[in-house]
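So the structure is just underneath, and the comments pick up after that.
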Protein chains: 2
Amino acid sequence: MFKLLKKDGRARRGTFETVHGTIQTPVFMNVGTSAAIKGAVSSMDLKEIGCQVELSNTYHLHVRPGDDVVRDMGGLHSFMNWDRPILTDSGGFQVFSLASLRKIKEEGVYFQSHIDGKKIFMGPEESMRIQSNLASTIAMAFDECIENPAPFDYTLNSIERTTRWLIRCKEKLDSINKEENTINKHQLLFGINQGGTHDELRIKHMKDIAKLDLPGYAIGGLAVGESHSEMYHVIDVVEPFMPEDRPRYLMGVGTPRNILEAVRRGVDFFDCVIASRNARHANLFTHNGVVNLNNAKYMRDPLPIEPGCQCPACKNYSRAYIRHLIKAGEMLGMRLCVLHNLYFYNKLMEEIRDAIEEGRYTQFADEMGPKFESRV
Amino acid sequence: MFKLLKKDGRARRGTFETVHGTIQTPVFMNVGTSAAIKGAVSSMDLKEIGCQVELSNTYHLHVRPGDDVVRDMGGLHSFMNWDRPILTDSGGFQVFSLASLRKIKEEGVYFQSHIDGKKIFMGPEESMRIQSNLASTIAMAFDECIENPAPFDYTLNSIERTTRWLIRCKEKLDSINKEENTINKHQLLFGINQGGTHDELRIKHMKDIAKLDLPGYAIGGLAVGESHSEMYHVIDVVEPFMPEDRPRYLMGVGTPRNILEAVRRGVDFFDCVIASRNARHANLFTHNGVVNLNNAKYMRDPLPIEPGCQCPACKNYSRAYIRHLIKAGEMLGMRLCVLHNLYFYNKLMEEIRDAIEEGRYTQFADEMGPKFESRV
C-alpha cells in the first residue's frame, strides 16, 4: 500500500493508499484529540486548510463520549463528518501520562479515568476493540511508553512485553476485522518501536517488530523531554532497520525544524499538538519565523499574519484585528490562529514533498530550518 | 432612505438604504460586542448565516482596543472585514450597566472602565466622536438608560436631559460628518425614546425627539427586567407617535416570540444577545421549540439540531456529535451552536418578511409564537 516514489538522500517522497483515500507523504496529521481540533476547528475547516489525515485520541474518546457511542454513530468518520484518513493512537500514551494509579501487568494496564476516577483496564485486545469501534483508518499498537531515561533492564523487559503486546494486537485486529459488524474491515495496524535512549534496545526492538510484517511502523517514546539531538540520534539508529517499503511515523513530533530534520532522516508521518497549542497562545509560524501576536507592536499592523499566506485567517484579517480578538478574550482569535498554524504545517509538508521530488531537499531543509526558529 | 413596502396590520415590510447596502426589514442585527461574535464566529461566517447588519458595542471598543486604533485601521468595516451595514450603540447602556462609580451630570457621565478602572468621561459629543472613529453605518444617540421602575419626577428630568443630549448628538455628528478625515461621512444617527414605564412620559419624549427629523428611532430602556406584557404595552403606547416613514428599532429584544409580538406592533429593527448566549449554553432554537443539547437523550441522536435547517451546523453535524463537543468542552461545540441560533434568527426574520408580504402575518405570529417557546 506504501509506494516510495522518490528518495533524495534519506528523505522519502511516497504515497500510502488506504480505504479512505491516498495519503501523500511526508504528511503531518492534524490532531483532533476528542474528535475535534481544539480552537473551534471543524472537519469542514480541515478540508479548507489542506489536512490529509486527522488524528484522534483513543483514550479520550473511550472515556468521553465512549467508543460505544462513536460506534453506534457509525464510527469516527461518520461522527465527525470526515471522509479522509483518520489515525487513532492506542490510548497507551495517555494511560501513562494522564491516568492515575496505573498498574502495568502482562495482560495490560489497570488505571483510573482522569475524568471521573472510574477504574479502567486496557490491554492490547481492549485497545484494538476500542479502535475498531472508532473505525479509524490506521490503528496504533498498544505499547508501554517508558520515561526517558529508564534503566537498561527495565527498558529491555518493557520492549519485550511491548513486542508480545504487538503480537496480541495483530491477532486481535485481524480477528475483529473479520467480524460481520466491524465498521472498517480494512483497519490497518502500525507497530511502535520503543527502547528509550538505549541504541541496542531500539535496534533489537525494531528488528523484532519488523518481522511481523505490519503496514507501517512508528518510532515512539520520543518528544517526551529529551534533547533534539538525542531524538535525531534515535532516528539515525533505528531508521536502517525499518522496512523501506513501509511508512515510518515519528510520534508526537514536532516543531517545523524537527520535522525538517526527521524527514531528512527518512520519516514519513508526523503529528504534534504544538501547531494548535502554540496558536492558542498567539505564537504563529511563518516562513520568516515566529510571530507572537501578543506583542504590542502588532496593535496597528494591517498585514496578515504572513503576507502571501492563503489560510482563512491571512486571506481575511490583519494582525491588528486578530491581536485585538486575543486581547479581548474572543474565541475567534484562537480559531484564526489555529487555522493559520495548521495551514502552515500542511503547506510545509507540501513544500517538503516538492523539494524531495525536485531533488533539492537538503538545501531546502538547511535554509528553512533556522528561519522557522527565528522571531519576526 | 426608509421605504415602507407593505403593511399587514401594524406589521411593516420595508427597506432601509445605507451607504453600506440596503437592509431588508424587519431585521435582526447580529451582536458582535467587541467586533466579533462570541463563539468564534467571524465576518465570513456572518455572510454564510445570512446576517444583514452587524452590531458592535461602542463602550467595549472604546476601552479595548481603543476607537483610535479602530480608526487607524480604517474603521470597523475594514478592521473586521465586513462590508455590510454596522450599527454601533452609544456606549450609554454599558456605562449604566457595566461601569462603576458613575456620576451623571448635564455635560455627560463620569465613570470608571470595567477593564482597568481608568477614569473616563463620556457625553453626547464623546459618544459621537467615538462612533465616528468606529465609522459604523448607524450611530445611536447617547442617552440615559434608567432603571425600571423609576419615580415619575426622576424620569421626567432624565428624558428632558436625554432630549438635550440628542440635540447635541445631532449637532456634533453633523459637524463630524463634514470633517475631511471622517471615514464614513454618511454616518446616520438614530434617536432613542426613553421614559421608563410612564406612558405619558414615553409619549412626550417620543413627540419631542420626532421633531428632530432623524433617519431612525429606537425604543430604549426595555428588556431590562420588566414583564413581557409591560414591554408590549410600551410599544403599543409609543408606536403611534413614531414617524411612519422612519425605521423603528426595539433595543435589546428579544426571544423569537418577543420579536414576533414586536413586529406585530410595528417594530422593524432588533438586536439581542440571547441568540448567541443561549447557544453557548447549548439551548438551541428550532421551529418546533427549544432543543437543549445537554439532555442525555441526544447522546446517540443522528439528527441535526433542526432537520431541514440549512445552517453550517445542521448541514454537517448531528446532535450526538455537537452534544459530545459541548460535554468535552470543545470550543467547536459552542461555535456550531452559535452558528445555528444566529442562522435561525436571520431565517426567522426572512420568514417574517415573507409573511408580511403575503398578508398572513397575524396567522404566522399566532402559530409560531407558542411553538418557539415549547421544548423539543
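General observations
- Residues that are more than 24 Å from the chain's Cα centre (by Cα) and over 19 Å from B:Thr255 (Cβ atoms) within the range B:350-375 comprise B:Glu358, B:Gly359, B:Arg360, B:Gln363, listed in sequence order.
- Test result for B:Tyr59, open to solvent by 70 Å² or more (accessible area, probe 1.4 Å) and either within 14 Å of another protein chain (Cβ to nearest Cβ) or part of a strand (DSSP E or B) (or both): no
- Filtering A:Asn288, A:Asn278, A:Asn283, A:Asn341 for residues that are more than 9 Å from every other protein chain (Cβ to nearest Cβ), open to solvent by 20 Å² or more (accessible area, probe 1.4 Å) and in contact with a Phe, Trp or Tyr (Cβ under 8 Å, 6 or more places away or on another chain) leaves a single hit, A:Asn278.
- Of all residues assigned to the range A:300-308, none qualifies as being in a helix (DSSP H, G or I) and within 16 Å of A:Ser276 (Cα to Cα).
- Residues of the range B:355-369 that are part of a helix (DSSP H, G or I) and open to solvent by less than 60 Å² (accessible area, probe 1.4 Å): B:Ala355, B:Ile356, B:Tyr361, B:Phe364, B:Ala365, B:Met368, B:Gly369.
- When the criteria are applied in full, B:Met44 fails the requirement of being closer than 16 Å to B:Trp82 by Cα and under 13 Å from the mean Cα position of the chain (by Cα).
- Any hit, the range A:92-104, residues being touching a helix residue (DSSP H, G or I) at 6+ places or on another chain (Cβ under 8 Å) and basic (Lys, Arg): yes
- Check on A:Pro85, modelled with pLDDT of 95 or more, within 16 Å of the chain's Cα centre (by Cα) and open to solvent by less than 10 Å² (accessible area, probe 1.4 Å): yes
- Filtered residues of the range B:242-254 (kept if within 22 Å of B:Gly196 (Cβ to Cβ) and under 16 Å from the mean Cα position of the chain (by Cα)): B:Arg248, B:Tyr249, B:Leu250, B:Met251, B:Gly252, B:Val253, B:Gly254
- If you go through the range A:76-97 and pick out every residue that is away from chain B (no Cβ under 14 Å) and part of a loop (DSSP other than H, G, I, E, B), you end up with 5.
- Residue count for the range B:62-72, restricted to those that are surrounded by 23 or more Cβ atoms within 10 Å (Cβ to Cβ) and part of a loop (DSSP other than H, G, I, E, B): 1
- In the range A:304-315, residue farthest from the other protein chains (Cβ to nearest Cβ) [restricted to those that are free of Cβ contacts under 8 Å to residues at least 60 places away in the same chain, touching a helix residue (DSSP H, G or I) at 6+ places or on another chain (Cβ under 6 Å) and within 19 Å of B:Asp83 (Cα to Cα)]: A:Pro304
- When restricted to residues that are part of a helix (DSSP H, G or I) and either without any contact (Cβ under 8 Å) to a residue 24 or more places away in the chain or over 16 Å from A:Phe241 (Cβ atoms) (or both), the range A:168-216 contains 11.
- Among the conditions (1) modelled with pLDDT of 95 or more; (2) surrounded by fewer than 23 Cβ atoms within 10 Å (Cβ to Cβ), the only one that B:Thr197 does not satisfy is (1).
- Only one entry in A:Ile356, A:Ile352, A:Ile326 is under 20 Å from B:Leu76 (Cβ atoms) and more than 10 Å from chain B (Cβ to nearest Cβ), namely A:Ile326.
- Looking only at residues in the range A:117-163 that are among the polar types (S, T, N, Q) and under 21 Å from the mean Cα position of the chain (by Cα), the one that is farthest from A:Leu201 (Cα to Cα) is A:Asn133.
- Selection status of B:Thr15, at pLDDT 95 or above, of a type in the set (Ser, Thr, Tyr) and surrounded by fewer than 21 Cβ atoms within 10 Å (Cβ to Cβ): yes
- Being modelled with pLDDT of 95 or more and of a type in the set (S, T, N, Q) holds for only one residue in A:Ser100, A:Ser56, and it is A:Ser56.
- Test result for B:Thr33, of a type in the set (S, T, N, Q), open to solvent by less than 50 Å² (accessible area, probe 1.4 Å) and in a strand (DSSP E or B): no
- Positions within the range A:129-171 being in contact with a Pro (Cβ under 6 Å, 6 or more places away or on another chain) and not aromatic (Phe, Trp, Tyr), in sequence order: A:Thr137, A:Arg168, A:Cys169
- Here B:Glu226 fulfils each of the conditions (1) within 20 Å of B:Gly266 (Cβ to Cβ); (2) at pLDDT below 95; (3) open to solvent by 50 Å² or more (accessible area, probe 1.4 Å); (4) not hydroxyl-bearing (Ser, Thr, Tyr) apart from (3).
- Looking across the range B:206-233, the residues that are within 18 Å of the chain's Cα centre (by Cα) and of a type in the set (A, V, I, L, M) come down to B:Ala218, B:Ile219, B:Leu222, B:Ala223, B:Val224, B:Met231.
- When the criteria are applied in full, B:Lys297 meets the requirement of being open to solvent by 10 Å² or more (accessible area, probe 1.4 Å), within 14 Å of chain A (Cβ to nearest Cβ) and either in contact (Cβ under 8 Å) with a residue 60 or more places away in the chain or part of a helix (DSSP H, G or I) (or both).
- Taking the criterion of being touching a residue at least 40 places away in the same chain (Cβ under 8 Å) and over 17 Å from the mean Cα position of the chain (by Cα), the residues of the range B:97-107 that qualify are B:Ala99, B:Ile104, B:Glu106.
- Test: residue in the range B:358-370 that is under 30 Å from A:Leu332 (Cα atoms), without any contact (Cβ under 8 Å) to a residue 60 or more places away in the chain and not β-branched (Val, Ile, Thr): no
- Residue match in the range A:43-50 (condition: more than 9 Å from chain B (Cβ to nearest Cβ), buried (at least 22 other Cβ atoms within 10 Å of the Cβ) and at negative phi): yes
- Checking each residue in the range A:107-142 for being part of a loop (DSSP other than H, G, I, E, B) and open to solvent by 10 Å² or more (accessible area, probe 1.4 Å) picks out A:Glu107, A:His114, A:Ile115, A:Asp116, A:Gly117, A:Lys118.
- Only one of B:Thr33, B:Thr18, B:Thr22 that is farther than 20 Å from B:Gly254 by Cβ and in contact (Cβ under 8 Å) with a residue 12 or more places away in the chain: B:Thr18
The values are calculated or read from the model by the stated rules, or taken from the named source; none is laboratory data. Please read all numbers here as calculations on a predicted model, not as lab measurements. Please note: Cβ atoms are built from the backbone with ideal geometry, for glycine as well, and neighbour counts cover all protein chains shown. Heavy atoms of the whole protein, side chains included, go into the accessibility calculation; ligands, DNA and RNA do not. Shrake-Rupley method; radii C 1.70, N 1.55, O 1.52, S 1.80 Å.
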